[in-house]
Amino acid sequence: MLINSTTLTALRTGYSTLFQEAQAAMKAQSQWAKVATYLPSSDKRETYGWLKDDLVMRKWIGPRLIKAITENAQVVENQPFEMTIGVNRYDILFDKLGTYAPRFQNMGRAAEQYSDLLVWPLLKAGFNTNCWDGQFFFDTDHPMTNADGSAGTYANTDGGSGTPWFLIDTTKGMMPLVFQEAIKPNFVAKDNPDDERVFMNNEFVYGADAYGNAGYGLPQLAWGSKQTLDDTHYAAARAGLGAMKGDAGQPLGITPNLLVVPPSLEQVGRQILVNQNKASGASNEWQGSAQLLVVPWLA
């Protein structure tokens, strides 16, 4: 195969098409948006100082209570991501390009999956990683203000030392996590025959890059547990989230509707949420109380 502008344009178009088709197919399998709010970014970092805002309105007594940006804020630093494939010049000359198709398809899948790879490990790390209020995202003493103005705390975990699982309210518009994106994954070709790399390495280069990151949102919307996943601890998680209050003691109306588990807990998750009866034959009172989401990224 002759290497000229027509050949290289056709290659670039074909590889880009493989990339985009695989990316689109993988999008349907992506799970991060179930627990993270998408936030576009226009800088190297973004500061979310509004995360302390309550989820409910207050009775209007006297002047309006103006909520300024709090000093306690979540700062999310964007990070660069890339994947690059080299195509040997002789493979083009001798028409050996079929072996590259799966690699460009993998690149497209990887470009779509990078958001999952950011969001889900962050959720799993919430037991020992600080969020905007200075506490671990899943903690027993998040600061809040009680109805009488005194300092209080709230919990969104019951501890434990086993396999983590999570109960989440996804109905409030804002999610427990945020996925921040400044540059969407895009396909780039460096295939000018006069490029130094072609001369030095006999190789054309194609790649994808993105710029973004994930961060913590509202802890009140998620319960993280390392206790045994069973009826008792599931009920405790629902009760804990349902009792959540904002500053001044106002109930937040949290209604958990998503149980997130790794593959190892899928069976017990189905026993709690899907099965009509318990193993004993008794009616299952928790059937349909939440959707079950099995996340391989949490394995």
Seminar exercise, completed: Stokes-Einstein D for the chain (20 °C, 1.002 mPa s, Kirkwood Rh from Cα pairs), in µm²/s, comes to 97 µm²/s
Seminar exercise, completed: With +1 on the Cβ of every Lys and Arg and -1 on the Cβ of every Asp and Glu, the dipole magnitude of the chain about its Cα centre, in debye rounded to the nearest 20, is 540 debye
Exercise. If the chain between residue 47 and residue 199 were fully stretched, how many nm would it gain, using 0.36 nm times the residue separation less the Cα-Cα distance?
Worked result: 50.2 nm
For this session: Indicate the gyration tensor shape class of region 109-184 (rounded, prolate or oblate), computed on the Cα atoms with a ≥ b ≥ c the square roots of the eigenvalues: a/c under 1.5 is rounded; otherwise a/b larger than b/c is prolate and the rest oblate.
Result: prolate
Problem set entry | Expected 222 nm ellipticity per residue - DSSP helices of 4 or more, -39500 (n - 2.57), all of the chain, to 500 | -8500 deg cm²/dmol
Exercise. Hey, any idea what Rg/Rh is for region 210-299, computing Rh the Kirkwood way over Cα pairs?
Worked result: 1.03
For this session: Give me the distance in nm between label points sitting 7 Å out from Cα along the Cα-to-Cβ direction at residue 3 and residue 20, one decimal.
Result: 2.6 nm
Problem set entry | Phi to ³J(HN,Hα) by Karplus 6.51 cos²θ - 1.76 cosθ + 1.60 over region 288-299, Hz, x for Gly, Pro | x, 6, 7, 8, 9, 10, 8, 10, x, 5, 8, 5
Problem set entry | Euclidean distance of C-alpha centroids, region 72-111 and region 211-252, integer Å | 38 Å
Exercise. Taking a 27 Å limit on the Cα-Cα distance, which of the listed pairs 124/190; 172/278; 44/124; 27/278; 44/190; 34/190 fall beyond it?
Worked result: 124/190; 172/278; 27/278; 34/190
Exercise. What relative contact order, as a whole-number percentage, does region 153-299 give when Cα pairs under 8 Å and 6 or more residues apart are counted?
Worked result: 28 percent
Exercise. How high is the FRET efficiency between residue 243 and residue 291 when r is their beta carbon distance and R₀ equals 25 Å, given to the nearest 0.05?
Worked result: 0.70
Exercise. For the pair residue 33 and residue 101, how long in nm is the line joining their label points, each one 7 Å along Cα→Cβ?
Worked result: 2.9 nm
For this session: Would you calculate the separation in nanometres between label points at residue 77 and residue 192, each defined as 7 Å from the Cα along the Cα-to-beta-carbon direction?
Result: 3.3 nm
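Rule-based calculations on the coordinates, nothing more; no lab input. Here the structure is a predicted model, which is why all the values come from computation and not from measurement. Cβ sites come from the backbone with ideal geometry, for glycine too, and all protein chains shown count toward neighbours.
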